[in-house]
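Trainee: Structure in structure tokens, see below.
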């Protein structure tokens, strides 16, 4: 067994000493180019064409982020996290920010729109401030379209289509955070 | 809705697929990083010998096939004629449509044929809105850029394109850096005064309208519309706008683009109970706005005396109980026969009013009755009809553009919308 190990080690070391990592990829690429290029490309494009969105945050493009607090449950990189019930945009949790912080290099707009979301853990309705982060790079990762309580733009303060980058140096949209402002009063029935 | 920039990394081939096999690169044997096979190395090492032999066998087979193919064509191809740039026809065929990808690009596409689809592309950066003139051979886009990509000095501007060459023949810089950044949608950019003037909606979040002279190619002034959103051309020279008090503000302009008069309707938009969508379809100068719960609100905008007409239901009592409601983005369209086409969703509830819809319902507004209903092959978010004798119904469904026969509802063809990340705003050519 030891002899076999030493033989394998010798062969691998010999191979490695004469071969750069790049050329290993070249070697593998040679096989892939010959065997897989033709079938792969149409299949990949066909999959996209059938509506598989590359932006779907549930596609695993970002590792999960949890609060650790059972009263604030859910993955903050997914559209179905409870605070995102009225988000129409990209989640800052996927760009180096968090559910309450903008990514480095961006600026948080002080002017915002608000929504009301129900926390599935404590069953309270919370007023959520959806502040946009502006002036950074946006490219479609973790894009969500949730419209709970959203209304047409005639009342812009309850509309999520507007780019809420006001009072910032750049009005170019990057992503959105979801801050708890407080508990909403229950409507009397 | 944000105008997210398209992610183009996925358009590239994986790096490994573009690299030549090691050891058989006869064209550049000295290339750095590509090990050569010599008598002294490699050939004695089984770890490289097997894959190299396999590569060589594959290459030899390909060479034999290439030689056989070459024998079939004894003469080489002739040189191509002088390089040229494609030109569009003076009048676009009726089966063409502009597809606005809302912050990425605007495509001119032939949706009426299975042949060549994409005819041209226009630049679009943020909430880009389009106007196509039928009075002059020009196309206009209102757009916003920053001097350093996502930062730097902001410029709002209208680009003027020649409609045949798509050469940029002019530009109008809009003052104040206040053009509304929402997404491509109805009400952002509109003609008035027989297409001499353009109206640009601003939101900072103070709402206003910039009036632009497209013939002289200069901005004329700005009109404050506090508490109101979007612009819909009305009368001979002017616009109407939907206000947060539930009213409609109507603004008349003089020849210089200044305010000549204002009127405001009584409140009619039930913003708490059943607000109107801001998307509309026009028939004979009357705009029809669906409501979230299934009414339709006509507003006669032909003359300067704008009239809010009585609303009527799109759904019966039973359909209302089953929560059939209008839904989507560009969710209503009209044809040339005076019918309205509305995207409708079953089992609608709070938060679904912008979701894709499963059916199209066709209404005759003169009789206020439904003419027919069509089930879509997949749920759609935006709808439009091409113009001309053989009209087609276009429905954007995810990253597909489904083309239907609007009479029988049969699917005619389906086109891909690669790179569509947000909403699609469609404008078939006249």
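Trainee: Answer yes or no as to whether residue B:230 is within 30 Å of residue B:137 (Cβ to Cβ), assigned to a strand (DSSP E or B), within 14 Å of chain A (Cβ to nearest Cβ) and without any contact (Cβ under 8 Å) to a residue 60 or more places away in the chain.
Mentor: Yes: the conditions hold for residue B:230.
Residues are listed down the side, and each one gets a yes or a no for (1) within 17 Å of residue B:104 (Cβ to Cβ); (2) without any contact (Cβ under 8 Å) to a residue 12 or more places away in the chain; (3) surrounded by fewer than 17 Cβ atoms within 10 Å (Cβ to Cβ):
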residue	(1), (2), (3)
B:125	yes, no, no
B:128	yes, no, no
B:131	no, no, no
B:135	no, no, yes
B:144	yes, no, no
B:150	yes, yes, no
B:167	no, yes, yes
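Trainee: Next question, about the same structure. Condition (residue is within 25 Å of residue B:416 (Cβ to Cβ) and either modelled with pLDDT of 95 or more or assigned to a strand (DSSP E or B) (or both)) applied to the range B:361-373: is it met by at least one residue?
Mentor: No, the range B:361-373 contains no residue that is within 25 Å of residue B:416 (Cβ to Cβ) and either modelled with pLDDT of 95 or more or assigned to a strand (DSSP E or B) (or both).
Trainee: State whether the residues of the range A:122-139 include one that is in contact with a helix residue (DSSP H, G or I) (Cβ under 7 Å, 6 or more places away or on another chain), farther than 11 Å from residue A:177 by Cβ and more than 11 Å from every other protein chain (Cβ to nearest Cβ). Can you show your working first?
Mentor: First pass over the range A:122-139, keeping only residues in contact with a helix residue (DSSP H, G or I) (Cβ under 7 Å, 6 or more places away or on another chain): A:128, A:133.
Okay, now just the ones that are also farther than 11 Å from residue A:177 by Cβ, so none.
No: zero hits.
Trainee: In addition: Only one of B:341, B:404 is at pLDDT 95 or above, in contact with a strand residue (DSSP E or B) (Cβ under 8 Å, 6 or more places away or on another chain) and under 26 Å from residue B:119 (Cα atoms). Can you tell me which?
Mentor: After applying the criteria, what remains is B:404.
Trainee: Check B:351, B:358, B:398 and return the single one that is touching a strand residue (DSSP E or B) at 6+ places or on another chain (Cβ under 8 Å) and within 29 Å of residue B:273 (Cβ to Cβ).
Mentor: Working: B:351 fails: touching a strand residue (DSSP E or B) at 6+ places or on another chain (Cβ under 8 Å); B:398 fails: within 29 Å of residue B:273 (Cβ to Cβ).
From the options B:351, B:358, B:398, the qualifying one is B:358.
Trainee: Among the residues in the range B:108-119, are any in contact (Cβ under 8 Å) with a residue 24 or more places away in the chain, surrounded by fewer than 20 Cβ atoms within 10 Å (Cβ to Cβ) and not in a loop (DSSP other than H, G, I, E, B)?
Mentor: yes
Trainee: Additional query: With (1) surrounded by fewer than 16 Cβ atoms within 10 Å (Cβ to Cβ); (2) within 22 Å of the chain's Cα centre (by Cα); (3) not in a loop (DSSP other than H, G, I, E, B) as the list, and residue A:127 as the residue in question, which single condition is left unmet?
Mentor: Here residue A:127 clears every test but (2).
Trainee: Against the definition (in contact (Cβ under 8 Å) with a residue 60 or more places away in the chain and either outside any strand (DSSP E or B) or crowded, with 17+ Cβ neighbours inside 10 Å (or both)), how does residue B:199 come out, yes or no?
Mentor: Judged against the criteria, residue B:199 is not a match.
Trainee: Filter the range B:293-310 for residues that are surrounded by 20 or more Cβ atoms within 10 Å (Cβ to Cβ) and outside any strand (DSSP E or B) and give the result.
Mentor: Answer for the range B:293-310, where residues must be surrounded by 20 or more Cβ atoms within 10 Å (Cβ to Cβ) and outside any strand (DSSP E or B): B:294, B:301, B:306.
Trainee: Anything in the range A:90-121 that is within 27 Å of residue B:398 (Cα to Cα), touching a helix residue (DSSP H, G or I) at 6+ places or on another chain (Cβ under 8 Å) and either at the interface with chain B (Cβ under 9 Å from one of its Cβ atoms) or in a strand (DSSP E or B) (or both)? List them, or say none.
Mentor: A:91, A:113, A:115, A:117 - these are the residues of the range A:90-121 that are within 27 Å of residue B:398 (Cα to Cα), touching a helix residue (DSSP H, G or I) at 6+ places or on another chain (Cβ under 8 Å) and either at the interface with chain B (Cβ under 9 Å from one of its Cβ atoms) or in a strand (DSSP E or B) (or both).
Trainee: Here's another thing I want to ask about it. Of all residues in the range B:125-141, how many are in contact with a strand residue (DSSP E or B) (Cβ under 8 Å, 6 or more places away or on another chain) and more than 14 Å from chain A (Cβ to nearest Cβ)?
Mentor: Count: 9.
The values are calculated or read from the model by the stated rules, or taken from the named source; none is laboratory data. No experiment lies behind these values; they were computed from the predicted model shown. Here the Cβ is made from the backbone with ideal geometry for all residues, glycine too, and neighbour counts use every protein chain on show.
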